[in-house]
Amino acid sequence: MENQNIKKTILSGVQPSGTLTIGNYLGALRNWATMQYDYNCYFCVVDLHAITVRQVPAELRQNCLKTLALYLAVGIDPEKNTLFMQSHVPAHAELAWVLSCYTMFGELSRMTQFKDKSAKHSDNINAGLFTYPVLMAADILLYQPDLVPVGNDQKQHIEIARDIANRFNGVYSETFKIPEPYMPKAGARIMSLSEPTSKMSKSDLGDGSVFLLDSRDVVIKKIKRAVTDSGSEVKYAEGKDGINNLMSIYSAFTGKSFEDIEKEFDGKGYGAFKLAVAETVADSLSEIQDKYNVFISDKEQLNKILIEGAQKASYTAEKTLRKVYRKVGFYSVK
Ligand code: TYM
């Protein structure tokens, strides 16, 4: 029998701000699917985070459900794990307020995601975009996780969550467990196909991102068009960002080492290599898509998962929140 008490805990989430990319899959989701057997897992769709950037309400609603269906399609079992929508568990917003009083303006100003996003959305540099890492710290700390499985770009946010937790623990005695980031060996930072020096992102609607729901033809077209240097040798080397990225993608999907890949494509040129990457990715995505199509068409089951998930998540989250309220000195009638 599984004993939830002796298992370590993990928590992670994805913003439903578009369709998930192979970056989200290789950097995070795929790891979650393998970790679910050994950990007590909380996986959340972080809808509160998504509105730091303007969203079309009907699309956001749809993307929330699509993200959950993708969690299921990559093999995350709703019976084994707690799957929930962030906005269904009010403790996230409540703890975020308390933690914001223990987070410094200076440390938030140093966050690279804030700098990037405020440059991209210069007409809407709202307070939520700035305090985003505090909400993320609340997401994490409420569940007292040991590990937070994420891609490389979230490392800085986990570091600030650790700093906030340490600061709070220092003032009030041990309240939060200090979590560690957990990143995959291959695929922790997948780059854009059209601009291989920037991260692949959900918001890039051009040819730079491969989405988990892209059709086979689109996947093949995007990967064949991926920007590479003017050489022809399939070799991992500094400055060959495009080829390095395609090698990372191929390695993450096939489990082959860079050395194996270099041997496999020795003398074959970029064209043959791109086609192999494209077909490998398209095959993997078509398996995910077949499952996705089944899950997304059963809204009743998705709703049931969310209702049960919110109950389970709230139970744990409220325990932590009550402890925090007591420590900071809020009066309680219970
Ligand atoms: P988000 O929605 O941008 O991305 C979700 C997950 O995918 C990873 N990821 C990538 N990995 C490799 N290569 C890429 N190009 C790539 N792009 C994204 C991210 O690292 C992440 O693991 N702030 C978070 C969401 C969040 C969260 C949390 C995560 C909110 N609260 C609590 C963990 C714990 C974000 O914007 O992820």
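So in the stretch 213-239, with the set limited to residues that are assigned to a loop (DSSP other than H, G, I, E, B) and of a type in the set (D, E, K, R), which one is surrounded by the most Cβ atoms within 10 Å (Cβ to Cβ)?
So, considering only residues that are assigned to a loop (DSSP other than H, G, I, E, B) and of a type in the set (D, E, K, R), the one surrounded by the most Cβ atoms within 10 Å (Cβ to Cβ) is Asp214.
Residue by residue through the stretch 165-212, note down the ones that are outside any loop (DSSP other than H, G, I, E, B), surrounded by 18 or more Cβ atoms within 10 Å (Cβ to Cβ) and within 14 Å of the ligand (Cβ to nearest atom).
Ala165, Pro181, Tyr182, Met191, Lys199, Phe211
Looking at the stretch 87-97, which of its residues are open to solvent by 40 Å² or more (accessible area, probe 1.4 Å), in contact with a Ser or Thr (Cβ under 9 Å, 6 or more places away or on another chain) and either within 12 Å of the ligand (Cβ to nearest atom) or hydrophobic (A, V, I, L, M, F, W, C) (or both)?
Listed by number, the list holds a single entry, Ala93.
For residues that are assigned to a helix (DSSP H, G or I) and touching a Leu at 6+ places or on another chain (Cβ under 8 Å), scanning just the stretch 109-127, find the one that is nearest to Ser198 (Cα to Cα).
The residue in question is Lys117.
Looking at the stretch 87-108, which of its residues are in a helix (DSSP H, G or I) and without any contact (Cβ under 8 Å) to a residue 24 or more places away in the chain?
Trp97, Phe105, Gly106
Only one of (1) within 18 Å of Tyr132 (Cα to Cα); (2) out of contact with any Lys or Arg (no Cβ under 8 Å at 6 or more places or on another chain) fails for Ala69. Which number is that?
Looking at each condition in turn, Ala69 falls short on (1).
Residue-by-condition table, conditions (1) in contact (Cβ under 8 Å) with a residue 12 or more places away in the chain; (2) within 11 Å of Ile223 (Cβ to Cβ); (3) of a type outside the set (Val, Ile, Thr); (4) crowded, with 20+ Cβ neighbours inside 10 Å:
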{"position": "Asp241", "(1), (2), (3), (4)": "yes, no, yes, no"}
{"position": "Ile249", "(1), (2), (3), (4)": "yes, yes, no, yes"}
{"position": "Thr254", "(1), (2), (3), (4)": "yes, no, no, no"}
{"position": "Phe258", "(1), (2), (3), (4)": "yes, no, yes, no"}
{"position": "Glu279", "(1), (2), (3), (4)": "yes, yes, yes, no"}
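What is the one condition in (1) more than 8 Å from the ligand (Cβ to nearest atom); (2) at negative phi that Gln144 does not satisfy?
Answer for Gln144: the failing condition is (2).
Kindly evaluate Phe295 against the criterion of being exposed (fewer than 14 other Cβ atoms within 10 Å of the Cβ) and either assigned to a helix (DSSP H, G or I) or of a type in the set (Phe, Trp, Tyr) (or both).
no
So, Ala161, is that one open to solvent by less than 50 Å² (accessible area, probe 1.4 Å) and assigned to a helix (DSSP H, G or I) or not?
Considered against the rule, which asks whether it is open to solvent by less than 50 Å² (accessible area, probe 1.4 Å) and assigned to a helix (DSSP H, G or I), Ala161 comes out as yes.
Take Lys115 and decide whether it is over 30 Å from Asp38 (Cβ atoms), more than 13 Å from the ligand (Cβ to nearest atom) and surrounded by fewer than 15 Cβ atoms within 10 Å (Cβ to Cβ).
yes
Please enumerate the residues belonging to the stretch 136-153 that are in a helix (DSSP H, G or I) and open to solvent by 30 Å² or more (accessible area, probe 1.4 Å).
Matches in the stretch 136-153: Asn152, Asp153.
The values are calculated or read from the model by the stated rules, or taken from the named source; none is laboratory data. On a predicted model such as this, the values are computed, not experimentally measured, just so you know. Here Cβ is always computed from backbone atoms with ideal geometry, including for glycine, and neighbour counts include all displayed protein chains. Only protein heavy atoms, including side chains, enter the accessible area calculation; ligands, DNA and RNA are left aside. Shrake-Rupley method; radii C 1.70, N 1.55, O 1.52, S 1.80 Å.
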